[in-house]
Amino acid sequence: MPPADNVMEKLVSLAKRRGFVFQSSEIYGGLGSVWDYGPLGVELKQNIKERWWRSMVHEREDIEGLDAAILMHPKVWEASGHVAGFTDPLVDCKHCKNRFRADDPRLTGTPGQPDAQCPVCGTKGTLTAPRLFNLMFKTFMGPVEESAAVVYLRPETAQGIYVNYLNVQQSSRQKLPFGIAQIGKAFRNEITPGNFTFRTREFEQMEMQFFVKPGSEDEWFEFWRHERLRWHEALGVRPEKLRFHRHGPDELAHYAKDAYDIEYEFPFGWHEFEGIHNRTNFDLSRHQEHSGKKLEYLDPATNERFIPFVVETSLGADRTTLVVLCDAYHEEEVEGDKRVVMRFRPAIAPLKAAVFPLVNKEGMPELARRIHDGLRRRFNVFYDDGGSIGRRYRRQDEAGTPFGITVDGQSTQDQTVTVRDRDTLQQVRVAADQLVEHLADKLQG
Ligand code: GAP
């Protein structure tokens, strides 16, 4: 494989060329660290989200789904500690007006002192002392821009779950332990974004809060961290590229008693893409205190009332999509030719198959169209009749399409087609009327 920087450059370029990810508002020069998903990217991310939802909500009796609004009462963020504590220390250069995190490794000297040097313009003594900067985006609700109407774009989806936990519990008649899962957008005014879609200002989270009896949280914390690692392996991410990182005391978020990150070895190093947090009863207690509403659970077995403890699993949908893109990217030689192939697990690949007439004559396009129209009712498939068959295969290799179906001269005689496997390059002949079963079988899991 080529060096790391090079891999990211190639991936960003492939993502644009093939329609996975585009820079937001590109024709205006782009918007810093905001990205759009193209035709293939939206399918890939959607497949990942659906897989998460299926395994978390549909396959478990003890987890319910929720879709809370992005805008919430501003007091939510006071109670959660985000207004006071969701901050990064920043320094400004008074000369070039750039802004950095105070822990930016490129900074030399002590910000605020004459020895500090700006990493961008190189001027000495122009950096301010660190000031705390809140990462939440603010906006105004209603027609008048006054402070009473300030609302925030949520920086995590979790709070929508906490404030609804009794609504969900009572309406679904769940008993502890049970969880609530949600997929939705979150926003953070990140100061040092970068590395493509790794750290962005608008992103999606897939979060699950598991409510448990006090005293059982450590056991559930262990359960969920192993369960989440297993999920990523089942997604097809290479196990040797995954590891746990346990937070030290100085890394723990304000709400957490214990936390593990699941990290992936990106081309730019090991970084977190999921957090498993033991949040104790911090959030629910704070909401009870700030709202004045009782958020206790009544245990039907013992008649005890208590505030549940929470184990959280918090995964970024965009960051997982980036993990999948990085993990799938392969360069290899095939019959003396270089090819780039995205080895997505077939079940999450954006396109499941592409249908090609070998040549655009002798009844092949008509049969290929009929096959394509039949398959598209079941799978996301693509029709391509442009260029040599070799070029069409290469294009689908870059899109990560697991199967290439070619209609050739024999097909019009006996109604069979060749099915090429993206990874092994082996071709088998399959009867056209058996294609749905053939693909369904290969796309499982
Ligand atoms: N509710 C807990 C929470 O939000 P977090 O560790 O701040 O915890 C969880 O975020 C996950 O959300 C991260 O592991 C990452 O996948 C995703 N995430 C957080 N900030 C992000 C950003 N700026 N861009 C993309 N994904 C982000």
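Read-outs throughout are calculated quantities, based only on the coordinates presented, and are distinct from any laboratory measurement. The model shown is predicted, which means the values in this text are computed figures rather than measured ones. Neighbour counts are summed over all protein chains in view; Cβ atoms, including those assigned to glycine, are modelled from backbone coordinates with ideal geometry.
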Original post:
Calculated FRET efficiency, Leu425 and His254, Cβ-Cβ r, R0 51 Å, to nearest 0.05?
Top reply: 0.45
**OP:** If a cysteine in the chain has no other Cys Cβ under 4.7 Å from its own Cβ, put it on the list, ordered by number.
**Re:** Cys326
Subject >> Amide H within-cut-off set for Ala116, under 5 Å, with H built and near neighbours excluded >> reply: Thr110, Gly125
Original post:
Where in segment 402-445 are there trypsin sites (Lys or Arg not before Pro) that are in a DSSP coil and have at most 13 other Cβ atoms within 10 angstrom of their Cβ?
Top reply: none
Original post:
Taking the Cα centre of the chain as origin and charging only Cβ (+1 Lys, Arg; -1 Asp, Glu), how large is the dipole, in debye to the nearest 20?
Top reply: 820
Subject >> Glu219 versus Phe137: modelled label distance in nm, points set 7 Å from Cα along the beta carbon direction >> reply: 4.2
**OP:** Work out the length of the dipole vector of segment 71-156 about its Cα centre, built from +1 on the beta-carbon of each Lys and Arg and -1 on the beta-carbon of each Asp and Glu, and round it to the nearest 20 debye.
**Re:** 220
**OP:** Mind checking the full-extension length gain between Ala129 and Asp67? Use 0.36 nm per residue of separation minus the Cα-Cα distance, one decimal, nm.
**Re:** 18.2 nm
Original post:
Between Phe268 and Glu78, what is the FRET efficiency for a Förster distance of 30 Å, r being their Cβ-Cβ separation, to the nearest 0.05?
Top reply: 0.25
Subject >> Per-peptide average of other Cβ atoms within 10 Å, ordering 41-48, 213-220 highest first >> reply: 41-48, 213-220
**OP:** Give the residues of segment 399-416 whose amide nitrogen is closer than 19 Å to a point set 7 Å from the Cα of Gln434 in the direction of its Cβ.
**Re:** 403-416
**OP:** Using the Cα centre as the reference, give the magnitude of the dipole from point charges on the C-beta atoms of segment 15-148 (Lys, Arg: +1; Asp, Glu: -1; all else neutral), rounded to the nearest 20 debye.
**Re:** 680
Original post:
Rg to Rh for segment 1-91: what is it, with Cα atoms only and Rh by Kirkwood?
Top reply: 1.10
Original post:
If we count other beta carbons within 10 Å of each Cβ, what is the order of Trp52, Trp270, fewest first?
Top reply: Trp270, Trp52
Original post:
With the dipole of the chain worked out from charges on the C-beta (+1 for Lys and Arg, -1 for Asp and Glu) around the Cα centre, which of Met56, Gln174, Val340 lies farthest toward the positive end?
Top reply: Val340
**OP:** Starting with the highest mean, order 153-159, 235-241 by the number of other Cβ atoms within 10 Å, averaged over the residues of each peptide.
**Re:** 153-159, 235-241
Original post:
Put +1 on the Cβ of each Lys and Arg and -1 on the Cβ of each Asp and Glu in segment 241-399; which of Ala253, Ser285, Leu367 then has its Cα farthest toward the positive end of the dipole?
Top reply: Leu367
